[in-house]
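*Asks:* Here you go, one structure.
The values are calculated or read from the model by the stated rules, or taken from the named source; none is laboratory data. Only a predicted model underlies this, so the values are computations on that prediction, with no experimental measurement involved. Cβ placement follows ideal geometry from the backbone for every residue including glycine, while neighbour counts extend to all protein chains displayed. These area figures cover heavy atoms from the full protein model, side chains too; ligands, DNA and RNA do not enter into them. Shrake-Rupley method; radii C 1.70, N 1.55, O 1.52, S 1.80 Å.
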Amino acid sequence: MSELYRKWGRSVRREGSRLVRVDEAGEAMENRTTFRTQPIEDMLELEAPDAEAVQAAAREIESIVKPPLILERLFVSEGSIAHECDGVRWSETLRRVHVAIARPPIRALVDLAEFQFDAVKRIASALLRAGGERDAPKRIRLAENVGAALLSSAKIQKTQSAWPHDGKGQQVIERRVENEEPPNWFRPSYRMRPRRAWFHLRAAPFGRIDDAVPEGIALLAPIGERFISVLCIDGNRVFPTTVPIRRIAAARATETWFPYGAGAFGAELMF
Amino acid sequence: MVDRTPLAVRRPDPADGQRPTANDLFAMVRRDELWVRGVLEESRINYGQAVERSGEIIARNRIDDPTALARLRDACEEEMGRVRKLIRAMPDARVRGVVTATSEDFESTVAITLDGVSIVTPHQSASADYDRLKSFLQLSTRHSALGTLPMVWRNGSAAVLLHEAIGHAAEHGHAPLAWPGWLRARDETRDGRSADLIAGELPRATRRESFRDVPMRRMTNLIIEQANAPFALPEERMEVHLVAGGAYEPLTEIVTINVAISDIGPFTIRASRAAIARSLIGATGDPLRYPGVICSREAQELYVGSSAPVIITSEIL
């Protein structure tokens, strides 16, 4: 029994100062032992991505990040994608933003799925006021963008949100995330072997987030196994700090979707 | 809204209507196969072209010139046939063969993993490096306090340390440091153009992982040499044989090196490039080819040839 997956995509991205347009299609076949991929030259008529929206979004970010801040990395993209897996067809339009804003020696990382930059503005403003590294506050809450990055490994109750299709065209059904093999398949590229994953994670709310405690508003490094490095706002003070990943005392879900793994909704978490 | 032209009628040429020249056009075919303990697990073919003009890159997974496509694809398939024969002789390993033929370059590498330790090597050296890896894995380890002893970097492994501390610093345009006068570090393109990395020159080659990617000035073949360096093997020392990976943090100029195989087992070095420059205390012999560095920058992974003589550093942990 073999499975055939096909994908057609058109994307436009700003990477630094360059605009890159990519049209690509390919197929993946998988049987019990071997996963094979190859390009498809027959293209579907996909709607062209909005290059002007990509350029405008990139320009907006460039206007936010001014010296002494450094826009170290800028990826802004939009893509139109069609999928087919064993006769099931579906399509989607995606937007992605990855920004690294440096104020040496620190760097804030921002990943978004919309061209809305309130978080970028807030982080850039805070970076301008950032002082030296300080010990982690006893209690700290994480902003939705930071909590979303932590969600897949966070030891709290969470649910998989319903979605029309997974990487094999099957429906993603809302259910509680358990310590078991995820029922759905994640396929970030036709060239990559699909893997099981929980989709579109959402934190189950519990406890009470104390809005008065210091807040980690941006990741300063990818999530570690035992620590997260964040930019923290505590009253008038802004500083980088390394927070041990410990028991989460409260969680609140938000409606913003973030492109971490197979997707995660915003999660305000409090340690 | 702009650029709503249906894909089927879209022109591959730049918007100004001119035909791409050889300098504008990048075409690539790649074959890769993953074999695990003698069984083919993954097989890919990938091809496409990119045309660059006025800061814009138009890429697609089609090569317009059928002759070029056939030539590049045939070169890849022939080479993959040779690589497959090599892989068959490594039935206990996880092995990935990657062959890339482009309008600018041809590269064939084999990544071999045994007991969780990996090397990446040009196909010509794969059999010998497979045997070397097996012999490294037989090395016994002893206990020693980290950071208290000089380190002897054998088998060209110092190339990884200096790839991070000199090569990436040059790529980022960081100011040259005072390295020992006996040390030479240059990057060579496949057509023989050379950049003096110690002097802060950028690598000459513009490279990209695939036709979808933005080309960047990246190292191709890092050659570390010594000229009349002092050399006295310390009686008490640690010996480094194989490095799992490294990183250069451009904001802090901190180098991280994860040593995979040494006579005291795996360990991590984290030091500023200035500290590494101060730590070099001797070297001997000609550059030794190190079995492979896959260099990742801006999410683009490239193979970089690497060689270095035996080098001694003082304790830098």
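*Asks:* In chain A, if the dipole is taken from +1 on Lys/Arg beta carbons and -1 on Asp/Glu beta carbons about the Cα centre, which of A:LEU94, A:VAL172, A:PRO105 is farthest to the positive end?
*Replies:* In chain A, that residue is A:PRO105.
*Asks:* I would also like to ask the following. Where a Cα-Cα gap under 18 Å defines reach, which lysines qualify for A:LYS7, not counting those fewer than 8 residues away within the same chain?
*Replies:* In chain and number order, the partners are A:LYS168.
*Asks:* Per residue and in cubic angstrom, what volume does the convex hull of the Cα atoms of chain B have?
*Replies:* 153 Å³
*Asks:* Name the residue farthest towards the positive end of the dipole of the protein assembly as shown from the options B:LEU183, A:ASN145, B:ILE261, assuming +1 on Cβ of Lys and Arg, -1 on Cβ of Asp and Glu, about the Cα centre.
*Replies:* Comparing the listed Cα positions along the dipole, A:ASN145 ranks first.
*Asks:* Now for a different question. Can you list residues from other chains, or at least 5 along the same chain, whose modelled amide H is less than 5 Å from the amide H of A:TRP185?
*Replies:* Close amide H contacts, sequence-distant or interchain: A:GLY167, A:LYS168, A:ALA197.
*Asks:* Would you mind giving the total buried accessible surface between chains B and A, with a 1.4 Å probe and ligands, DNA and RNA left out, rounded to the nearest 100 Å²?
*Replies:* The summed interface area works out to 3600 Å².
*Asks:* Within 10 Å of each Cβ of B:271-283, how many other protein chain Cβ atoms are there on average?
*Replies:* Mean partner-chain Cβ count within 10 Å for B:271-283: 0.
*Asks:* Which whole-Hz couplings ³J(HN,Hα) result when phi for each residue of region A:114-119 is put into the Karplus expression 6.51 cos²θ - 1.76 cosθ + 1.60, θ = phi - 60°, listed in order with x for Gly and Pro?
*Replies:* Once rounded to whole Hz, the list reads 9, 8, 10, 10, 4, 5.
*Asks:* On to the next question. Enumerate the whole-percent occupancy of each 10 Å bin, from 0 to the last occupied one, for all C-alpha pair distances of region A:129-271.
*Replies:* Whole-percent P(r) values from 0 Å outward: 12, 40, 30, 14, 4.
*Asks:* Under the Karplus relation 6.51 cos²θ - 1.76 cosθ + 1.60, θ = phi - 60°, what is the ordered set of whole-Hz ³J(HN,Hα) values for region A:23-38, x standing for Gly and Pro?
*Replies:* Per residue, the Karplus-derived 3J(HN,Hα) values read 10, 8, 9, x, 9, 10, 10, 9, 10, 4, 10, 10, 10, 10, 10, 7 Hz.
*Asks:* Can I ask one more? Just the number please: accessible area per residue for region B:98-200, 1.4 Å probe, all protein chains included, in Å².
*Replies:* Result: 41 Å² of accessible area for each residue.
*Asks:* Would you mind working out the magnitude of the charge dipole of region A:129-271 relative to its Cα centre, with +1 at each Lys and Arg C-beta and -1 at each Asp and Glu C-beta, to the nearest 20 Debye?
*Replies:* The dipole of region A:129-271 has a size of about 320 debye.
*Asks:* Please find the FRET efficiency linking B:ALA70 to A:GLN116, where r is the Cβ-Cβ separation and R0 is fixed at 60 Å, and quote it to the nearest 0.05.
*Replies:* Result of the calculation: an efficiency of 0.80.
*Asks:* Would you calculate a helix-derived [θ] at 222 nm for chain B, using -39,500 (n - 2.57) for each DSSP H run of n ≥ 4 and dividing by the full residue count, to the nearest 500?
*Replies:* -4500 deg cm²/dmol
*Asks:* Count, for each residue of B:39-46, the Cβ atoms from other chains sitting within 10 Å of its Cβ, then give me the mean as a whole number.
*Replies:* That average works out to 6.
*Asks:* Looking only at other chains, what is the average number of their beta-carbon atoms within 10 angstrom of each beta-carbon in A:184-195?
*Replies:* Mean inter-chain Cβ contacts per residue within 10 Å come to 1.
*Asks:* Right, something else. Taking the Cα centre of chain A as origin, work out the dipole magnitude from +1 charges on Lys and Arg Cβ and -1 charges on Asp and Glu Cβ, in debye rounded to 20.
*Replies:* The dipole of chain A has a size of about 1080 debye.
*Asks:* How charged is the neighbourhood of B:LEU72? Take every other residue with its Cβ under 13 Å from the Cβ of B:LEU72, and add Lys/Arg as +1 and Asp/Glu as -1.
*Replies:* -4
*Asks:* Report the Cα centroid-to-centroid distance between region B:162-206 and region B:76-151 in angstrom, as an integer.
*Replies:* Centre-to-centre distance over Cα atoms comes out at 25 Å.
*Asks:* If you don't mind, there's one more thing I want to ask. For B:LYS85, go through the aspartates and glutamates and keep the ones whose alpha-carbon is under 19 Å away, minus same-chain ones fewer than eight residues off.
*Replies:* Straight-line reach from B:LYS85, under 19 Å: B:ASP32, B:GLU33, B:GLU41, B:GLU42, B:ASP74, B:GLU77, B:GLU107, B:ASP129, B:ASP131.
*Asks:* Work out the length of the dipole vector of chain B about its Cα centre, built from +1 on the beta-carbon of each Lys and Arg and -1 on the beta-carbon of each Asp and Glu, and round it to the nearest 20 debye.
*Replies:* Dipole size: approximately 460 debye.
*Asks:* Hey, another quick one. Would you work out which of A:THR37, A:ILE209, A:GLY263 lies farthest towards the positive end of the dipole of chain A, given +1 charges on the beta-carbon of Lys and Arg and -1 on that of Asp and Glu, about the Cα centre?
*Replies:* Toward the positive end, the furthest listed residue is A:ILE209.
*Asks:* If you don't mind, there's one more thing I want to ask. For chain A, what ratio Rg/Rh do Cα atoms give with a Kirkwood hydrodynamic radius?
*Replies:* Here the Rg-to-Rh quotient is 1.00.
*Asks:* Take the protein assembly as shown, drop everything but the C-alpha atoms, weight them equally and run the Debye formula without solvent; then report log10 I(q)/I(0) at 0.07 Å⁻¹ to two decimals.
*Replies:* Treating every Cα as an identical point scatterer, log10 I(q)/I(0) equals -0.48.
*Asks:* Got a number for carbon plus sulfur as a percent of region A:129-271's accessible area, 1.4 Å probe?
*Replies:* The computed percentage sits at 49.
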